[in-house]
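Engineer: One structure follows; several queries about it will come next.
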Amino acid sequence: MTPIQLFDPASSTYTYLLADAAAREALIIDPVDEQLERDLAILRERGLKLVWSVETHAHADHITSAAALAEHAGARTAAPQGCNIGTAAVQLRHGDVLRFGGEELRALHTPGHTAGSMCFVWRGNVFTGDTLLINGCGRTDFQSGSAAQLYRSITEILFALPDETVVWPAHDYNERSCSTIGQEKRTNARVAGKSLAEFVKIMDDLNLPKPRRLDEAVPANLSSGLRHDAGGNDGVPPPAQGYAGNIPPQTAYEWWQKGDAVLVDVRSDAEREWVGFIPGAANVVWKQWPGMKMNADFDEQIRQAVPPGKKAVMLCRSGARSAHAARRATELGIESYNILEGFEGDPDENGQRGNRGGWRQRGLPWRQG
Ligand code: FE
């Protein structure tokens, strides 16, 4: 089994998708927001359920799609404890293991590029983030970086892995795909054969320009990719409690069955095909995550879908997007309600749903996509 290596040309970032093909569960490392649609399409094509979205560190050169993947794919988010990504559901410590299907990803704390940076080991592979690059390494001159710490992380933690371990970096600027621990030990221009003092001198003398997106990317990445505009809004839906017209799934079902309401599914085509759909529901997609195109035709489509005199009951995955859609439809004069917990709700921090189920957990009718 090999990781699927994906590339974002704008930031030269590699994203990795790992899967347990039998269990159909997947984990993604360092996803990029501009590539959200691509990543959702790959998951759909391969019939994979994304269970984890994981960061190697708080990036300065691109914005993560972790929060969007949590909403659209139901993934749980994990990030190194030392990176202050407070929105991540799981704060990883050295040695922690994330499971997907029968597979395990193991976290190694490798400070240096940033104080919180981690690498991840899966089978004979190590995902090195910006700690170790092919014939290079990440810079250490901002975000609490330390050249001395990076030297120790590379030479004592990563170089302790078997020589044949495949190295998958977070970036490459020369179209190289991967390397091995053995190769980097022998030929890495910054560390191979270098003393700590020589390495620190090399790093101190780099004098690199500030990353183009530093001021924008780091704050967004500290909240899993949720961007804050000047007004303090996230640019993403508020929690369902922010909309007054919340109703439980059962109520929505009853209104719909009686013919009083139109059930409007605002999830994307990809989500319905992949997670499951409700036969007979109207489909009017609400798109407003960073990296997704806004749908300017929502107003027209919702007016067509809901005849005068009927209510609209709105459903998304967890009740966040549908709260926004219901609010917008209300502005258009349609009596609209948001279905709490949506199609499947959100599990708690232990991955359990308990009483928090959505449409599907409550036994209401739906079909596999
Ligand atoms: Fe970085």
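The values are calculated or read from the model by the stated rules, or taken from the named source; none is laboratory data. For clarity, every value in this text was computed on a predicted model and none was experimentally measured. So basically every Cβ, Gly included, is an ideal-geometry build from the backbone, and we count neighbours across all protein chains shown. To get the accessible areas, we keep the full protein, side chains included, count just its heavy atoms, and leave off ligands, DNA and RNA. Shrake-Rupley method; radii C 1.70, N 1.55, O 1.52, S 1.80 Å.
Engineer: Considering only protein heavy atoms, what per residue accessible area in square angstrom results for the chain with a 1.4 angstrom probe?
Structural biologist: Details: 15590 Å² over 369 residues.
Per residue, the chain has an accessible area of 42 Å².
Engineer: Report the Stokes-Einstein translational diffusion coefficient (µm² s⁻¹, integer) for the chain, Rh taken as the Kirkwood radius over Cα pairs, at 10 °C with viscosity 1.306 mPa s.
Structural biologist: Values: Rh = 21.8 Å.
Using the Kirkwood radius from Cα pairs, D works out to 73 µm²/s.
Engineer: May I pose another question? Can you give the % of DSSP beta bridges in the chain that are antiparallel, to the nearest 5? Numbers along the way, then the final one.
Structural biologist: Numbers: 27 of 54 bridges.
Antiparallel: roughly 50 percent of the beta bridges in the chain.
Engineer: Counting pairs of alpha carbon atoms under 8 Å apart in space and at least six apart in sequence, what relative contact order in percent does the chain give? Display every interim value, and only then the final one.
Structural biologist: Details: 786 pairs, mean separation 49.1, N = 369.
The value is 13 percent.
Engineer: Further question: Carbon and sulfur together cover what percent of the accessible area of the chain at a 1.4 Å probe radius? Show your work: numbers first, answer last.
Structural biologist: Values: 7630 of 15590 Å².
The C+S portion of the solvent-accessible surface of the chain is 49 percent.
Engineer: Now a separate question. Add +1 for every Lys or Arg and -1 for every Asp or Glu among the other residues with Cβ under 12 Å from the Cβ of I181, and state the total.
Structural biologist: Numbers: positive: K185, R186; negative: D163, E164, E184.
Value of the local net charge: -1.
Engineer: May I pose another question? Mean residue ellipticity at 222 nm from the helices of the chain, using -39,500 (n - 2.57) per DSSP H segment of n ≥ 4 over the full residue count, to the nearest 500 deg cm²/dmol? Can you show the working numbers first?
Structural biologist: Details: 10 runs with 85 residues, N = 369.
Rounded to the nearest 500, it is -6500 deg cm²/dmol.
Engineer: Near T110, within a Cβ-to-Cβ distance under 11 Å, what is the net charge of the other residues, with Lys and Arg +1 and Asp and Glu -1? Working shown, then result.
Structural biologist: Working: positive: R152; negative: D130, E156.
Value of the local net charge: -1.
Engineer: Can you give the three extents of the C-alpha atoms in region 240-339 along their principal axes, from longest to shortest, in whole Å?
Structural biologist: Sorted largest first, the three principal extents are 37, 28, 27 Å.
Engineer: While we're here: Please give, to one decimal in nm, the separation of the simple spin-label points placed at H94 and R152, each 7 Å out from Cα toward the Cβ.
Structural biologist: Here the answer is 0.8 nm between the modelled labels.
Engineer: Students sometimes get this wrong: rank K194, K201 by accessible area, probe 1.4 Å, all chains present, largest first. Mind showing how you got there, number by number?
Structural biologist: Details: K194 65, K201 120 Å².
From most exposed to least exposed: K201, K194.
Engineer: So, one more: Give, in nm to one decimal, the length gained when the segment between K194 and S177 is fully stretched (0.36 nm per residue of separation minus the Cα-Cα distance).
Structural biologist: Numbers: separation 17, 0.36 × 17 = 6.12 nm, distance 2.45 nm.
Contour length minus Cα-Cα distance gives 3.7 nm.
Engineer: Can you give the net charge of the other residues whose Cβ lies under 9 Å from the Cβ of G129, counting K and R as +1 and D and E as -1? Present the calculation step by step, with values, prior to reporting the outcome.
Structural biologist: Values: positive: none; negative: D30, E55, D130.
It works out to a net charge of -3.
Engineer: Could I have the simple spin-label model distance between A41 and Q5, label points 7 Å from Cα toward Cβ, reported in nm to one decimal?
Structural biologist: For A41 paired with Q5, the spin-label model returns 2.2 nm.
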